[in-house]
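The values are calculated or read from the model by the stated rules, or taken from the named source; none is laboratory data. Just so you know, these numbers come straight off a predicted model, no measurement behind them. Every residue, glycine as well, gets a Cβ built from its backbone with ideal geometry; the counts of neighbours run over all protein chains shown.
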């Protein structure tokens with residue numbers, strides 16, 4: 001076997017590995033509904049009560065207890081874990097910075113009937129790491145990157161997901177489908 005044959009086999013093996021891993025494939029376009037597909041059935045009443053809060057205020061239950069219950073009821077969609085996705089939403093800073101933000105939350109449209117709506121459920125919040133930095137304004141954005149189920153808490157809203165963004169682009173309001 002000559003050197004040329006060995007080099008061709010190595011190049012072929014590397015090409016197959018890269019193509020098979022999906023690194024060169026188009027990102028999967030995901031909606032906010034796709035992120036919540038694996039909610040346990042036994043949680044439906046708790047989640048319905050949280051989402052239908054007519055007063056748009058917190059509940060009387062201990063916030064810590066409620067957040068633990070909500071986290072258990074919103075584990076994230078395991079079928080999407082590890083996939084390169086593209087999703088549209090609103091960037092929300094974690095710190096009080098709006099220029100060159102490298103870590104922020106991506107959230108769906110908020111309830112319009114509430115002046116100060118409750119935080120979205122954890123499977124409706126994505127922590128985004130974007131090394132290039134983003135100037136955040138009120139406009140929606142498309143985020144592209146590898147989605148991971150990584151539950152985390154912060155002062156704004158707990159999240160079930162994390163993305164290391166490779167691309168951020170301007171979106172339009174119709175691109176974002178509101179949560180059902």
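Summary of computed values
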quantity: Output for region 25-56, where each listed residue is part of a helix (DSSP H, G or I), more than 16 Å from residue 123 (Cα to Cα) and modelled with pLDDT under 90; calculated: 49
quantity: Complete set of residues in region 99-122 that are touching a strand residue (DSSP E or B) at 6+ places or on another chain (Cβ under 6 Å) and closer than 15 Å to residue 153 by Cα; calculated: 103, 104, 105, 106, 107, 120, 122
quantity: Single residue of region 145-174 satisfying the filter (surrounded by fewer than 18 Cβ atoms within 10 Å (Cβ to Cβ) and touching a helix residue (DSSP H, G or I) at 6+ places or on another chain (Cβ under 8 Å)) that is nearest to residue 135 (Cα to Cα); calculated: 153
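Rundown of residues vs (1) over 30 Å from residue 42 (Cβ atoms); (2) modelled with pLDDT of 95 or more, yes/no style:
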{"site": "76", "(1), (2)": "no, yes"}
{"site": "81", "(1), (2)": "no, yes"}
{"site": "91", "(1), (2)": "yes, yes"}
{"site": "111", "(1), (2)": "no, no"}
{"site": "117", "(1), (2)": "no, no"}
{"site": "133", "(1), (2)": "yes, yes"}
